[in-house]
Amino acid sequence: MKFGIIGLPGAGKSTIFQALIRSSSKQRVHKGSLLGTVQVSDERVDTLSKLYKPKKTVYGHLEYLLPAAEKAYGHHQTGEEGLWNEVRPCNALIHVVRNFCLPGGEPPHPRDDLLKLESEIIFADLVVAEKRIERMNLDKKRGKKISEQEMRLLERCVSVLEKEAPLRDYPDLAASPLLRGYTFLSAKPMLVVFNNDDEDENPPSWEGPPVFPSVVVVRGKLEIELSELSPDEAEEFFSAYHIDSSAMERLVRHSCRLLHLISFFTVVHNEVRSWLIPEGTTALDAAGVIHSDMKKGFIRAEVLPYDDLIATGSYQQARKEAKVRLEGKDYVIQDGEVICFRFNV
């Protein structure tokens with residue numbers, strides 16, 4: 001799962017990115033953009049590793065994309081070019097909003113900044129939808145067959161976007177298979193990160209209802225400074241600043257919650273591995289997450305709940321006690337299941 005980090009200039013996107021990936025060695029640069037891979041810690045994986053003593057233990061991971069800094073925001077960069085093209089393939093967006101004073105004392109305007117970039121996102125989607133409708137109408141005049149259902153959906157998108165509303169507020173449009181290829185930005189789940197001053201641990205307040213339900217507060221500059229301390233020193237400062245967990249841990253936790261991610265585990269070939277999938281994923285699609293051949297040749301899934309494995313002490317004992325089930329391709333994976341996929345290609 002990949003998250004695109006966006007925000008107006010000066011919001012502290014680079015700071016938040018560094019706070020996220022500071023303990024990760026997996027960071028690479030591509031055409032000026034940064035992509036960091038963050039491990040999702042899970043005590044259940046640790047327990048399985050102690051139980052099986054594998055040669056390799058692999059945790060689930062998330063990817064965070066920080067687009068190239070020189071790509072500007074603004075109407076002239078929307079549509080099919082500029083920064084938006086980089087974040088369109090992402091599964092979700094992390095919107096960093098400045099909530100700290102700039103050098104010189106300029107106060108933050110978090111609500112205005114939040115709504116300004118949201119407006120840019122909506123406009124970018126509107127451009128894409130209108131261009132596609134224009135192209136489809138032209139094809140129709142030329143006698144080419146078009147999808148009337150797709151056209152109606154796009155027209156609904158335009159109607160919504162013209163009202164300056166994001167597509168994520170309309171789940172049937174946001175999740176429509178016919179619209180998936182457009183990778184509409186406003187249809188993506190969004191986590192708002194308020195980047196606060198060192199001494200401010202609260203989200204900004206304003207009159208009216210919250211603009212976004214998924215919000216986390218990070219004191220980015222402070223978090224970077226704390227990350228350079230020894231564990232003992234960091235623990236003392238965390239307590240002084242009322243920080244119960246690092247920015248990385250909180251952002252990863254909120255990221256998983258945003259996409260409704262769950263974990264299942266595999267134990268094969270001296271390897272214990274955790275896999276992150278969205279809630280509601282079928283056994284067939286979960287097999288495809290591991291390998292396309294496994295999905296293609298899917299036969300059955302051997303399923304053992306994690307708690308039953310720990311209670312019985314071993315897979316063999318769990319099988320003797322009839323805790324292991326055989327499930328078909330339409331079975332919906334539950335969080336914490338240990339799964340062995342049977343397949344043949």
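Read-outs: derived from the displayed coordinates by stated rules, not from any lab. Remember, it's a predicted structure, so these values are computed and weren't measured experimentally. All Cβ positions, even for glycine, are placed from backbone atoms using ideal geometry, and neighbour counts span all protein chains on display.
Write out the trypsin sites (Lys or Arg not before Pro) in the stretch 119-208 meeting two conditions: DSSP loop, and at most 10 other Cβ atoms within 10 Å of their Cβ. Can you show the working numbers first?
Values: sites: LYS131, ARG132, ARG135, LYS140, LYS141, ARG142, LYS144, LYS145, ARG152, ARG156, LYS163, ARG168, ARG180; in loops: ARG142, LYS144, LYS145, LYS163.
Those satisfying the criteria are ARG142, LYS144, LYS145, LYS163.
Rounded to two decimals, what is the ratio between the C-alpha radius of gyration of the chain and 2.2 N^0.38 Å?
Details: Rg = 23.0 Å, N = 345, 2.2 N^0.38 = 20.3 Å.
Ratio of Cα Rg to 2.2 N^0.38 Å: 1.14.
Roughly how big is the chain's charge dipole about its Cα centre, with Cβ charges of +1 (Lys, Arg) and -1 (Asp, Glu), in debye to the nearest 20? Let's see the in-between values first.
Numbers: 45 positive and 51 negative charges, 448 e Å.
For this selection, approximately 2140 debye.
In the chain, with Lys and Arg counted as +1 and Asp and Glu as -1 at Cβ, which of these residues, SER239, GLY328, SER214, has the Cα nearest the positive end of the dipole, that is, farthest along it?
GLY328
For the residue pair ASP112 and LYS26, what label-to-label distance in nm results when each label sits 7 Å from Cα along the Cα-to-beta-carbon direction?
Result for the modelled spin labels: 4.1 nm.
Evaluate 2.2 N^0.38 Å with N set to the residue count of the stretch 213-336, then give the Cα radius of gyration divided by it.
Working: Rg = 19.8 Å, N = 124, 2.2 N^0.38 = 13.7 Å.
Normalised by 2.2 N^0.38 Å, the Cα Rg of the stretch 213-336 equals 1.44.
Using a 7 Å offset from Cα along Cα-Cβ at GLU327, what residues in the stretch 225-262 end up with backbone N under 14 Å from the label point?
262
On full extension of the chain, what length is gained from ASP46 through GLU207, given 0.36 nm per residue of separation minus the C-alpha to C-alpha distance?
Numbers: separation 161, 0.36 × 161 = 57.96 nm, distance 4.53 nm.
Result: 53.4 nm gained on full extension.
Restricting attention to the stretch 255-343, which GluC sites (Glu not before Pro) occupy a DSSP loop and are surrounded by at most 15 other Cβ atoms within 10 Å?
Values: sites: GLU271, GLU279, GLU302, GLU321, GLU327, GLU337; in loops: GLU279, GLU321.
When the GluC sites (Glu not before Pro) of the stretch 255-343 are filtered for loop state and at most 15 Cβ neighbours within 10 Å, GLU279, GLU321 remain.
Structure shown: which of LYS56/LYS329; LYS2/LYS55; LYS116/LYS163; LYS13/LYS221; LYS2/LYS26 lie over 18 Å apart, alpha-carbon to alpha-carbon?
Details: LYS56/LYS329 28 Å; LYS2/LYS55 28 Å; LYS116/LYS163 15 Å; LYS13/LYS221 11 Å; LYS2/LYS26 14 Å.
Over 18 Å Cα-Cα: LYS56/LYS329; LYS2/LYS55.
Starting from the Cα-Cα distance between GLN317 and VAL289, subtract it from 0.36 nm times their residue separation and give me the gain in nm to one decimal.
Stretched fully, the GLN317-VAL289 segment lengthens by 7.3 nm.
Taking the C-alpha atoms of the stretch 280-343, how large are the radius of gyration and the largest Cα-Cα span, Dmax, in Å?
My reading of the Cα-based Rg and Dmax gives 11.8, 34 Å.
For HIS260 and ASP139, compute 0.36 nm times the residue count separating them, minus their Cα-Cα distance, and round to one decimal in nm.
Details: separation 121, 0.36 × 121 = 43.56 nm, distance 3.92 nm.
Stretched out fully, the HIS260 to ASP139 stretch lengthens by 39.6 nm.
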